[in-house]
Amino acid sequence: MEAIQTNAIDAFTTIFRRDLKLAMRRRSELVNPLAFFVIVVSLFPLGLSADSNMLLRVAPAVLWISALLATMLSLESIFRSDYEDGSLEQLVLSHHPLPVIVFGKIAAHWCTTGLLLTLISPALGISLAMPTENLGILLWTLLLGTPTLSLIGSIGVALTVGLRRGGILLALLILPLYIPILIFGASAVDMAMHKLEVAGQLYLLAALLALSLTLAPFAASAALRVTLE
Amino acid sequence: MEAIQTNAIDAFTTIFRRDLKLAMRRRSELVNPLAFFVIVVSLFPLGLSADSNMLLRVAPAVLWISALLATMLSLESIFRSDYEDGSLEQLVLSHHPLPVIVFGKIAAHWCTTGLLLTLISPALGISLAMPTENLGILLWTLLLGTPTLSLIGSIGVALTVGLRRGGILLALLILPLYIPILIFGASAVDMAMHKLEVAGQLYLLAALLALSLTLAPFAASAALRVTLE
Amino acid sequence: MMKFIHRFASPREFFRISGRLLPWLASLTLLLMLIGLYLGLLVAPPDYQQGESYRIMFIHVPSAWMSLFVYTVMAGAAAIGMIWRIKLAHVVAMNSAPIGASFTFLALVTGSLWGKPMWGAWWVWDARLTSELILLFLYLGVMALYAAFEDRRTAQRAAGLLAIVGVVNVPIIHYSVMWWNTLHQGPTVSKLDAPSIHLSMLVPLLVMTVAFTLFYVVVLLMRTRWEIIDQERRSNWVEEFLEQT
Amino acid sequence: MAAQPETRVESPRLVVDAVKGARGDRVLFEDLSFALHDGQLLHITGPNGSGKTTLLRVLCGLLAPLEGVVRWRGQDIRSSVSRHRLESTYVGHRDGLKAELTAFENLQIVARLCGCPDGEGIDDSLRLLGLWEQQDIMVGHLSAGQRRRLALGRLILKPALLWILDEPFTAIDVAGREIIEAQLIRHLEDDGIVVLTSHQALVHSKLRDHCVTVSLQ
Amino acid sequence: MAAQPETRVESPRLVVDAVKGARGDRVLFEDLSFALHDGQLLHITGPNGSGKTTLLRVLCGLLAPLEGVVRWRGQDIRSSVSRHRLESTYVGHRDGLKAELTAFENLQIVARLCGCPDGEGIDDSLRLLGLWEQQDIMVGHLSAGQRRRLALGRLILKPALLWILDEPFTAIDVAGREIIEAQLIRHLEDDGIVVLTSHQALVHSKLRDHCVTVSLQ
Ligand code: HEM
Ligand SMILES: Nc1ncnc2c1ncn2[C@@H]1O[C@H](COP(=O)(O)OP(=O)(O)OP(=O)(O)O)[C@@H](O)[C@H]1O
Ligand SMILES: Nc1ncnc2c1ncn2[C@@H]1O[C@H](COP(=O)(O)OP(=O)(O)OP(=O)(O)O)[C@@H](O)[C@H]1O
Ligand SMILES: [Mg+2]
Ligand SMILES: [Mg+2]
């Protein structure tokens, strides 16, 4: 019993470190969700008339939607390359519990996307004319929300990874699940900007995070087993 | 001389019909850029507080940005699957001029994405509370703009197709090139909603289309030659 | 002339000649930089409107100019490399990208530092600012594409192609952004055109510009030399050189 | 259809019992039964498209058989998963290597995941496979055959009883083939079990002594 | 290193002249020269990673040689592209088939792109390759060997003088191998030229008569 437990932790760290190393190796992957986030956010001032009052009012929605899209676009990296070169098959066949392995991969994904997005978000908030005292709440909602995005996303990727062209189908599966997070996240920032109380939203985001932390690795593992057949 | 010319046209239609047929076969691909477009557009009322005055003012930007993202996400289908199964190699080695083949693929891509997006856009415009008399101009800007998106996009895909994980890198390469189209397209719709003259923008969009029609197939072919080495 | 170019374009000759030039160029750069900063920060009078904060101009304006200049050089070199298949041109193009991106970044940072006291905001979506930001993305795209390929020759040509496509787009971006911003509501941003500039400010500005250009040349030469060493590390002359040092 | 291995006293390690496999609507094999004892090699043969790959995926538990069961040490591999997983190694059509990591790093991950101490084991495998000099090259830069050799490295690293190999000799040159056959022989002599498919006959005579054949139609 | 074909009176069709090939920083072959006449088969051999694939890609013009030229009918293939393309067929490592189309549709596209009338030619090829019954199955559902057979179908459909084949026998069973060797013999007897790599020796003795070998180190 003891022995198996430490083994599972070993497996988690092996996978986590492996995926981080892979993300470092393909340097572009580390930089790019970030770059995408920055670019999409800056499309809005370009599409809108760049009047700062208007920008300010759409800022929470724009930031959250962009973070969501950036995460969504990078989701495939959780499983696709492993699927394509056959590594996923090998991981599924390993004697460690699959949820542990999947959890290692999700954790690595969040560190290379959601965490980075969160860290850069204040700068983008400023570019959309957000007042500095609201940047804290932006950070908090993203910090609580983006791990949930990675976790839920992993289920979608696991379901679509066997398909030839998962990309857009994935978006279709995932977006409806992302909507609650988007609504809570964006409205929390919006309300904070109107000087309203937002603890409720934050608790809800935290609850969603806890829920997906416990369920998503299992759901994603089950999905993988099915699609790999 | 005669003989070669008709051959090139044959090659174009062969490729065009092949790619359309492939898009039909993988049904998901036909539906999905569309579905993505619809979903992203409907995220905005969710992220914003759904007040219709606000929606109306952001509608042109939101529609255009979503169309742009939907096109961008489907770009990979132009070359990636052909690259992965080795068909692209074979197409490059065919004795037909590569730009003709590339052009056939771009045309098929536009028919299955940009054209469909354009056709559905009025319905989405209405859902964002746009007045009906402005839907015509929305249609026109998309009709002139989306082919340019496919054309420019093909260069980006050609450049990244050999890379293991082109997805987000592609976005980074392509978005700066898309910005002028976005600005002209969105501002034309916006100005039409303010009852201003927009012929200038439409001419510019047409000029960009003409420019990319003549250059993009050649640039994309050159890029393919480089990345296939 | 052609012969000289070809000789200079051969890696070995380039290495030899640039090795001789470098120390001189580097000291000249340093000297001009010091003079420019001295004149700009200490000698030039404070501005009657902006007080001391305008002095950031002596960094901002040259780096903004350089950001555009370097992009042109990069795209030109890439085109030369593609058309005449000159290795050295590709190397120059690809080594220009990070330098140009740094200048662009510097222009953005100094600009927004300057913008805070001037406009009360770190960033506004003004035409010039926006196109500078897009320029940064173009640079980053070129660099990312270059880094993404494992084979160096492929990387150089692919990224070079992107640089060339980008240069077609730069004027389009520039004008589209101007249009977009002026067509809408009136200018939210105070116009940048300063009234005819005083000589005591113009001189340090020009000195700094020359210094920045030289700085670019020096860094470019250094990076190019190291890349040549890396590329040709198996050839005899590089081994000889490495033994000497 | 089923092979008839010589009867032995001990109970067989791997038992395939009335298994039916299908892809899409097509039934590929039905009522297929055989049993393997320690030290036996099963060579699955059959023309293209007869279902060899499908059968191997059933044997390693990636695919559920439509009917019948596969038993390892007497237990259904679909219900008591971990024992079978711990004791078997599958090398499929695809190599399962990360192109961005070096040869060494790839083996390191294999070693860590199967809980064996790294270090020497990895060095030995690299030497054995003739990849010692390539150990710091990224796998994406290796040739088809070098990659295949590396994929087979997991056989050497992970101490498993059952080896399941789908066309292991693809892209591998003559010298490489000899190395791998030698490994197979060593494994069989240590009482291991091997199941493999290959369109080429096995070269080494010692292998043929251990060999049982099942051919699919 | 270079092979010495018997000298003939006519000038050789394919000439490889002092070619140097490299991947990454590594030089794989240098100063490699040989010439092929009509009716000759060139078997490129060499251990894993010696550069066989690289050489084939140079020969079909996908990769520029670092030094030297490849000449087809006396002209550099990198400068006068279309003649060489028209007259040669390359079947590489990957099959170049669309998984979503049926076997028939795949061959149809090949036929249309090389300008030959479809219809009969396609039927004949399917029959010849033993894929007549699979013609309406999507290629994604075919087995590894069936797909490889279909990929080789382009040799039969497109009337080309020069065939360039990278490990054509991968995943193909014994019967399939015989079919393909028979095609090679027919092509050579019609004065065609074949360049191929394969780690397995050629079986048919007639092929060996036409065969020249170049081995890379
Ligand atoms: C992040 C903010 C800023 C950016 C990205 C930026 C960018 C640029 C660029 C690209 C140029 C070169 C334009 C050309 O030569 O065509 C430039 C020049 C200049 N900038 Fe800025 N700028 C910024 C903020 C400012 C501020 C706040 C001021 C002061 C009010 C300022 C004053 C100038 C001046 C005086 C020039 C020289 C104009 C000329 O060439 O005649 N900039 N800037
Ligand atoms: N995903 C799938 N869906 C439907 N049918 C499939 C699928 N995969 C394989 N098949 C069918 O199953 C049959 C057997 O495939 P399998 O890959 O097991 O053959 P194989 O014996 O390994 O052949 P080969 O020697 O060519 O590798 C093939 O004839 C094919 O038509
Ligand atoms: N994209 C690449 N970048 C860098 N090096 C590469 C690349 N592709 C191949 N190589 C190197 O080139 C060498 C030759 O590769 P090639 O595929 O030509 O070998 P091969 O003779 O076909 O081998 P095999 O018999 O295994 O198929 C390999 O040793 C490999 O290290
Ligand atoms: Mg098989
Ligand atoms: Mg090879």
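Bear in mind these aren't lab numbers, they're just calculated from the coordinates by the rules spelled out. Worth saying up front: this structure is predicted, and the values here are computed from it rather than measured. No Cβ is skipped: glycine too gets one built from the backbone with ideal geometry, and neighbour counts run over all protein chains shown.
Points worth noting:
- Segment C:12-29 and segment A:31-100 have Cα centres lying 46 Å from one another.
- Nearest-first distances (nm) between copies at B:T132, label 7 Å from Cα via Cβ: 5.2
- Cα-projected label distance for C:A121 with B:A210, points at 7 Å along beta-carbon direction, nm: 3.7 nm
- Residue with peak Gaussian network fluctuation, chain D [Cα springs, cutoff 10 Å], from D:G68, D:G24, D:G130: D:G24
- Label point at D:A182 placed 7 Å out along Cα→Cβ; residues across segment D:128-162 whose backbone nitrogen lies under 11 Å: D:128-130
- In chain C, Cα pairs under 8 Å separated by at least six residues give a relative contact order of 31 percent.
- For E:140-151, mean number of other protein chain Cβ atoms within 10 Å: 4
- Inter-centroid distance (Cα atoms) of segment E:20-71 relative to segment D:168-193, Å: 30 Å
- C-alpha long axis of helix B:167-193 to longest principal axis of chain B, angle in °: 40 degrees
- What the phi angles of segment C:71-78 give under the Karplus curve with 6.51, -1.76 and 1.60, with θ = phi - 60°, is a coupling list of 4, 4, 4, 4, 5, x, 4, 4 Hz, glycine and proline written as x.
- Helix E:174-189 axis, angle to chain E major axis (alpha carbon atoms, nearest 10°): 60 degrees
- Excluding the site residues themselves, the longest part of chain C lacking any trypsin sites (Lys or Arg not before Pro) in a DSSP loop with at most 16 other Cβ atoms within 10 Å is C:86-190.
- Along chain E, the exposed loop sites are GluC sites (Glu not before Pro) outside DSSP states H, G, I, E and B with at most 11 other Cβ atoms within 10 Å, and the longest stretch free of them is E:11-217.
- Mean Cα-pair separation over length for chain D, i.e. relative contact order, pairs under 8 Å, 6 or more apart, %: 30 percent
- Normalised by 2.2 N^0.38 Å, where N is the number of residues, the C-alpha radius of gyration of chain C stands at 1.15.
- Nearest-0.05 FRET efficiency for D:R94 and A:K195, computed from C-beta distance (R0 60 Å): 0.60
- For the residues of A:126-136, the average number of beta carbons from a partner chain within 10 Å of their own beta carbon is 2.
- Sorted from closest to farthest, the other copies place their B:C111 label points 4.8 nm away, with each point set 7 Å from Cα along Cα→Cβ.
- Pair-distance distribution P(r) for the protein assembly as shown, from all Cα-Cα distances in 20 Å bins starting at 0: 11, 38, 37, 13, 1, 0 percent.
- Take each residue of peptide E:44-51, count the partner chain Cβ atoms within 10 Å of its Cβ, and average: the result is 6.
- In segment E:43-130, the chymotrypsin sites (Phe, Trp or Tyr not before Pro) that fall in loop regions by DSSP, at most 12 other Cβ within 10 Å: none
- Fewest-first sequence of C:S112, A:S212 by Cβ atoms within 10 Å of each Cβ: C:S112, A:S212
- Paramagnetic label reach from C:L113 (point 7 Å along Cα→Cβ; backbone nitrogen cut-off under 18 Å): within segment C:48-74, residues C:50-67.
- Cβ-to-Cβ counts within 10 Å put E:C211, D:C60 in ascending order as E:C211, D:C60, the fewest first.
- Residue-wise HN-Hα coupling along segment B:223-229, computed from phi with Karplus coefficients 6.51, -1.76, 1.60 (Hz; x: Gly, Pro): 4, 4, 4, 5, 6, 6, 4
- 3J(HN,Hα) couplings calculated from phi for segment A:8-22 with the Karplus curve 6.51 cos²θ - 1.76 cosθ + 1.60 (θ = phi - 60°) are, in sequence order, 5, 5, 4, 4, 4, 5, 4, 5, 4, 5, 4, 5, 5, 4, 4 Hz; Gly and Pro show x.
- Highest-fluctuation residue, A:I106, A:I179, A:I137 considered, GNM on chain A with Cα pairs under 10 Å: A:I179
- Inter-copy spacing of A:P180 label points, which lie 7 Å from Cα along Cα→Cβ, given in nm from shortest upward: 4.7
- Diffusion constant of chain A at 25 °C, which comes from Stokes-Einstein with the Kirkwood Cα-pair radius and 0.890 mPa s, µm²/s: 134 µm²/s
- DSSP beta bridges fully contained in the protein assembly as shown are about 45 percent antiparallel.
- Structure remark: mean-square fluctuation, Gaussian network model of chain B, C-alpha springs under 10 Å; the largest value among B:L46, B:L22, B:L98 belongs to B:L46.
- Size of charge dipole - segment A:2-228 - debye, nearest 20, with Cβ of Lys, Arg +1 and Asp, Glu -1, no other charges: 320 debye
- For segment D:112-212, the Kirkwood estimate of hydrodynamic radius, built from reciprocal distances between every pair of different alpha carbons, is 14.4 Å.
- Inter-probe distance in nm under a simple model that places probes 7 Å from Cα toward Cβ, at E:C116 and E:V27: 4.1 nm
- If R0 is 56 Å, the Cβ-Cβ spacing of C:L206 and A:V226 corresponds to a FRET efficiency of close to 0.20.
- Working from the Cα coordinates of segment A:20-132, the gyration tensor eigenvalues give, after taking √(5λ), semi-axes of 35, 12, 11 Å in decreasing order.
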